[in-house]
Amino acid sequence: MHAGTTEADAWLLTEAGAPVVVDGYNVAMLGWPGQPLVDQRVRLLDLLDDLSCRYKTSVQVVFDGADVGPVRTERRHRSAVRFSPPSVLADDVIRQIVADHAVEQPIVVVTNDRAVARDVRVAGANVVSSDGLLAVGRR
């Protein structure tokens, strides 16, 4: 397998047994453009919940903005939802999650943000593109 291929993305997201950290709005805005932000968020959470249920993947999704308000998560038993604190970017929360993760344990970050991808790779994370997650989640 080669990094960045559909096969590699699918393996990392479904078979590797590594926790997955998702750059929420990065994926949601790509996957459901033109829809209201709240609908994009709900659609992404539904996709992630399905992925978690089907493959037992541990998923944490990080969105910008603690001031967004409550998000109904009663249906999401496997995906953890996190909003960045005021004045903190979700990108920085993702970087911190990776930095706090045990170096000897694999972790996967989903983003198309080049700076985030570069930084988490340097910290030891595997990276799957937002497109890759959408492709795996929609099949």
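The values are calculated or read from the model by the stated rules, or taken from the named source; none is laboratory data. Worth saying up front: this structure is predicted, and the values here are computed from it rather than measured. With ideal geometry, Cβ positions are generated from the backbone for all residues, glycine too; neighbour counts draw on all protein chains shown. To get the accessible areas, we keep the full protein, side chains included, count just its heavy atoms, and leave off ligands, DNA and RNA. Shrake-Rupley method; radii C 1.70, N 1.55, O 1.52, S 1.80 Å.
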Give me the residue from the stretch 84-117 that is open to solvent by 50 Å² or more (accessible area, probe 1.4 Å) and touching a strand residue (DSSP E or B) at 6+ places or on another chain (Cβ under 8 Å) and, out of that set, modelled with the lowest pLDDT. 106
With criteria (1) in a loop (DSSP other than H, G, I, E, B); (2) modelled with pLDDT under 90; (3) out of contact with any helix residue (DSSP H, G or I) (no Cβ under 6 Å at 6 or more places or on another chain), residue 53 comes up short on (1)
May I ask you to list the residues in the stretch 58-83 that are at pLDDT below 90, assigned to a loop (DSSP other than H, G, I, E, B) and open to solvent by less than 70 Å² (accessible area, probe 1.4 Å)? 65, 69, 71, 73, 76
Of everything in the stretch 1-36, what is touching a residue at least 12 places away in the same chain (Cβ under 8 Å), over 30 Å from residue 103 (Cα atoms) and either touching a Phe, Trp or Tyr at 6+ places or on another chain (Cβ under 8 Å) or outside any helix (DSSP H, G or I) (or both)? Give them in sequence order. 32
